[in-house]
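To keep things clear, I will list the structure first and then write my remarks on it.
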There are 2 protein chains.
Amino acid sequence: MDFPCIDRLEMRQRDLMAGPEPTYEKVVTGYELFHDSTPFVCDHGGVLPQMDVAYESWGRLNADRSNAILIHTGLSGSSHARSHAKNSRPGWWEKFIGPGLAIDTDRFFVVCTNVIGGCYGSTGPWSVNPATGQRYATTFPLLTVNDMVRAQFRLLDHLGIHKLHASVGASMGGMQSLCAAALHPERVGRLVTISACARSHPYSIALRFAQRQALMADPNFRRGFYYDGVQPHVGMKLARAVATVTYRSGPEWELRFGRRRRAPDQPPALCPDFLIETYLDHQSERFCLQYDANSLLYVSKAMDMFDISQSVTRRLAAQREHAAADLGHELATTAAACANVSVCMNIEDQPASTTGHSQAETEDEIAQDLIAGVRNAKQPTLVLGVQSDILFPVKQQREIAEILRRAGNERVTYYELDAMYGHDTFLIDVVNVGAAIKGHLENTT
Amino acid sequence: MDFPCIDRLEMRQRDLMAGPEPTYEKVVTGYELFHDSTPFVCDHGGVLPQMDVAYESWGRLNADRSNAILIHTGLSGSSHARSHAKNSRPGWWEKFIGPGLAIDTDRFFVVCTNVIGGCYGSTGPWSVNPATGQRYATTFPLLTVNDMVRAQFRLLDHLGIHKLHASVGASMGGMQSLCAAALHPERVGRLVTISACARSHPYSIALRFAQRQALMADPNFRRGFYYDGVQPHVGMKLARAVATVTYRSGPEWELRFGRRRRAPDQPPALCPDFLIETYLDHQSERFCLQYDANSLLYVSKAMDMFDISQSVTRRLAAQREHAAADLGHELATTAAACANVSVCMNIEDQPASTTGHSQAETEDEIAQDLIAGVRNAKQPTLVLGVQSDILFPVKQQREIAEILRRAGNERVTYYELDAMYGHDTFLIDVVNVGAAIKGHLENTT
């Protein structure tokens, strides 16, 4: 039995020991940097003494600053959603953003950021901690989706944008989008959430757990302190293979790959053999040096912890307040934490020692807690789900629409697509996904 | 950030370097061994010079030897389906087999084997190759599901059982069961197939691919030649975590674990934190030293290759004939290969160089090839699917029922369960799964 796939892993290991190191700092270029020197207090109590937010923009901000759309990325997305003069490479939403397109840059000023915790320009584990002069690695503070959103709003403050025309996102971007609309409702005019959820289901936590375990089990991971050595590329490749199965499996694979083999005249092999296997191998190989392993850990953990329930939001706000007090920035930071007064008005009633998880137990308690969590999100809303999505199944999309409606939002549109690309449909199906977004953003009735 | 899960992996690594080696040879005891010294020619041309088949049995064979039921296992199952005098540990189908139970040992003589390629007594990669005096490891020949079934029929010959009352299996066991009924119809009186498929879908291949890659990427795997050193337990643990997600995810997890955490008063962690994570960690930890890594590779690969299409069956039979001729056992083995004359009658028309994969391309060609592949399976048949199964979705169960019916089988019963345990429902839901089996096995109309 031959193992060409193992040969290749070992060869790359040798190359990496000798050669240049990770490419992810070079993957994205041509972005703008917003540097914020105000300490940023995270939901779980960690503090970033300063923060960079990488962003790109398209279109022009109008005179009354009312035409801005914020695009939120998925787990490993960069700010490069579309090509532009400083970076001509196609962006991850190239066909969705542009003049006359679904997100029309003739009408709107479109902004996309790299989330904090990421590795494409924004402050993340790969960044140097100014307090130590060393990269954060796994000393980086735990992040939540709301931390990512609050960092984005600091950027919007810097750009002079108080209220967005719309907040738009898919996958983890949909979590951010929902979070922005629910926790910062005065800043979000319209909401678009695609293939996301109101709280992560144990099944999706399980799948991300398996990915993180694959990564952390790589001997090169070294508890996150790998920046001076060989990257945990094998673990990253495994993690990505699992992720790709959850992103892309759907009827498409049956049509595209079926049971066809790479080399039908050769005997079956344990290394990639069926076309679906060579596809996964290629996809994960390409990814494994383009994204920072520590970013994968932190950002995927933030997805696991996402829960828009009111009890969770309140407890996290209380933790943040507590941490800010410790920092000696009490007044300034509490004010920021409680920008949304209605969410935080009862902070003083909450114990500060809890850790940001809902205590709701019954189905009804869970639903009521979720409904209370989105009670301020009264914006016109588009919720879009894809029937072949196994990672964020339509059941979770229906839940988002339902809790918004039960909370009193009378302008919720819910679409369910019979598309074949699974979770990644939002990246591919410009005809259906694009039209739904365009209709929602430009609707004037 | 602490990494207690990595600490534990490293500690076990150290223990294993010093301590006793794999437990899988000790997991199952008290089985019988059928030793067959006739060379066994495999579908892909490999030859086992001799072969052991481990089996256990319950109940008594009746005078005309007509009451035997063969139980086929899933991927990692042993012959220990039920406890007995020589091994009192509960078997994997303890509640399904026994006096008065679904598979009633007062009526039937029930046999279960460990598949060849496994590690629980039957010849597999862990066995010593008599030609070299060394363990096969990855010099073991590639296996197919039909190889497993043909080995089981050799055991039945030895036991003096020509025709089974029924062939019963779930998951890979359902593949074996369908294979037995379709390719050896004269030996199978009734067919039960649960949560199986007529051909593996690229999605399930992708999931098994990810597991095999995790295993092979473990530095201790050493291309399968690890028996003298530390086992690739980390890779096995990762593989099992991914597998468990595919086996058990379903509505059950939402009820059983929800979003509850191991230690709600502690801050979130990157190591197992949510209860679903500690569950997966525990499950995979328990498994990783109880099953041989090479067996996982060979048996899961056989599952990927499973395709009951006529063109595949014919090509594999031609390969087998070719290999038997090379061996100098031409007459004897060709006769065995063509025990089912109708399947093999056109062998001479088939090129011997093809490799056992269907060339059918269009949906209609695929369906016709599958229908032709099961055209001799006219037994009363029960096909059972579970709506929450993501690994072998109900679409695949409907396909089995449909091709059998279109091939002219007028006694196909198709049940679809709204059960909450996903793929593993067949191991758990004795009320519904058990009743369906019992009704089918004992029906005299």
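At a glance:
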{"item": "Any pair with Cβ under 7 angstrom, 6 or more apart, that starts in region B:68-89 at a residue that is free of Cβ contacts under 8 Å to residues at least 12 places away in the same chain and part of a loop (DSSP other than H, G, I, E, B) and ends at one that is among the small types (Gly, Ala, Ser) and open to solvent by 10 Å² or more (accessible area, probe 1.4 Å)", "result": "B:Ser83/B:Gly91; B:Arg89/B:Ser83"}
{"item": "Residue check, A:Gly385 of a type in the set (Gly, Ala, Ser), at pLDDT 55 or above and under 20 Å from A:Phe306 (Cβ atoms)", "result": "yes"}
{"item": "Within region B:98-115, tally of residues that are outside any loop (DSSP other than H, G, I, E, B) and either open to solvent by 10 Å² or more (accessible area, probe 1.4 Å) or polar (S, T, N, Q) (or both)", "result": "3"}
{"item": "Selection count where residues are in contact with a Leu (Cβ under 7 Å, 6 or more places away or on another chain) and hydroxyl-bearing (Ser, Thr, Tyr), scope region A:410-426", "result": "3"}
{"item": "Index of the failed condition, B:Lys395 passing every other in (1) more than 22 Å from the chain's Cα centre (by Cα); (2) free of Cβ contacts under 8 Å to residues at least 12 places away in the same chain; (3) within 14 Å of another protein chain (Cβ to nearest Cβ)", "result": "(1)"}
{"item": "Residue among A:Ser78, A:Ser57 that alone is open to solvent by 40 Å² or more (accessible area, probe 1.4 Å) and modelled with pLDDT of 95 or more", "result": "A:Ser57"}
{"item": "Among (1) within 14 Å of chain B (Cβ to nearest Cβ); (2) surrounded by fewer than 24 Cβ atoms within 10 Å (Cβ to Cβ); (3) over 30 Å from B:Arg256 (Cα atoms); (4) not β-branched (Val, Ile, Thr), the one test that A:Leu142 misses", "result": "(3)"}
{"item": "Condition check for A:Pro90: more than 17 Å from A:Gly224 (Cβ to Cβ) and either within 21 Å of the chain's Cα centre (by Cα) or surrounded by 21 or more Cβ atoms within 10 Å (Cβ to Cβ) (or both)", "result": "yes"}
{"item": "Region B:305-322, subset touching a residue at least 60 places away in the same chain (Cβ under 8 Å) and open to solvent by 30 Å² or more (accessible area, probe 1.4 Å), residue nearest to B:Ala372 (Cα to Cα)", "result": "B:Gln310"}
{"item": "Pairs where the first residue, in region B:189-217, is at positive phi and buried (at least 24 other Cβ atoms within 10 Å of the Cβ) and the second is assigned to a helix (DSSP H, G or I) and polar (S, T, N, Q), C-beta under 8 Å, 6+ apart", "result": "B:Ser195/B:Gln397; B:Ser195/B:Thr425"}
{"item": "Test: residue in region B:399-413 that is free of Cβ contacts under 8 Å to residues at least 24 places away in the same chain, of a type in the set (Val, Ile, Thr) and out of contact with any Pro (no Cβ under 6 Å at 6 or more places or on another chain)", "result": "no"}
{"item": "Residue check for A:Val41: over 25 Å from A:Cys197 (Cβ atoms) and touching a Leu at 6+ places or on another chain (Cβ under 7 Å)", "result": "yes"}
{"item": "Among the candidates B:Met1, B:Met17, residue that is touching a residue at least 40 places away in the same chain (Cβ under 8 Å), among the aliphatic types (A, V, I, L, M) and surrounded by 13 or more Cβ atoms within 10 Å (Cβ to Cβ)", "result": "B:Met1"}
{"item": "Selection within region B:60-75 - polar (S, T, N, Q) and either open to solvent by 30 Å² or more (accessible area, probe 1.4 Å) or farther than 18 Å from B:Ala102 by Cα (or both)", "result": "B:Asn62, B:Ser66"}
{"item": "Test: residue in region B:281-291 that is crowded, with 22+ Cβ neighbours inside 10 Å and either at pLDDT 95 or above or facing another protein chain (nearest Cβ under 8 Å) (or both)", "result": "no"}
{"item": "Selection count, region A:356-401, where residues are part of a helix (DSSP H, G or I) and under 30 Å from A:Thr244 (Cα atoms)", "result": "9"}
{"item": "Helices (runs of 4 or more DSSP H) completely within region A:193-279 that count 2 or more residues being more than 7 Å from every other protein chain (Cβ to nearest Cβ) and within 22 Å of A:Glu416 (Cβ to Cβ)", "result": "A:233-248, A:251-256"}
{"item": "Only listed residue being at pLDDT 95 or above, farther than 17 Å from A:Ser311 by Cβ and away from every other protein chain (no Cβ under 14 Å), chosen from A:Ile400, A:Ile371", "result": "A:Ile400"}
{"item": "Subset of region A:392-420 that is touching a Gly at 6+ places or on another chain (Cβ under 9 Å) and crowded, with 23+ Cβ neighbours inside 10 Å - its residue that is nearest to A:Ala166 (Cα to Cα)", "result": "A:Ile400"}
{"item": "Failed item in (1) of a type in the set (Phe, Trp, Tyr); (2) touching a Ser or Thr at 6+ places or on another chain (Cβ under 9 Å); (3) open to solvent by 10 Å² or more (accessible area, probe 1.4 Å), with A:Phe40 passing the rest", "result": "(3)"}
{"item": "Residue check, B:Lys95 open to solvent by 30 Å² or more (accessible area, probe 1.4 Å) and in contact with a helix residue (DSSP H, G or I) (Cβ under 6 Å, 6 or more places away or on another chain)", "result": "yes"}
{"item": "Hits in region A:421-432 - residues which are within 10 Å of A:Gly385 (Cα to Cα) and either open to solvent by 50 Å² or more (accessible area, probe 1.4 Å) or polar (S, T, N, Q) (or both)", "result": "A:Thr425"}
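Here is a yes/no grid of residues against (1) over 20 Å from A:Gln211 (Cβ atoms); (2) among the hydrophobic types (A, V, I, L, M, F, W, C):
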| site | (1), (2) |
| --- | --- |
| B:Arg190 | yes, no |
| B:Ala214 | no, yes |
| B:Phe225 | yes, yes |
| B:Lys237 | no, no |
| B:Ala243 | no, yes |
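The values are calculated or read from the model by the stated rules, or taken from the named source; none is laboratory data. On a predicted model such as this, the values are computed, not experimentally measured, just so you know. Cβ coordinates were reconstructed from backbone atoms using ideal geometry, including for glycine residues, and neighbour counts include every protein chain displayed. Note: accessible area is taken over every heavy atom of the protein model, side chains too, but ligands, DNA and RNA are not part of it. Shrake-Rupley method; radii C 1.70, N 1.55, O 1.52, S 1.80 Å.
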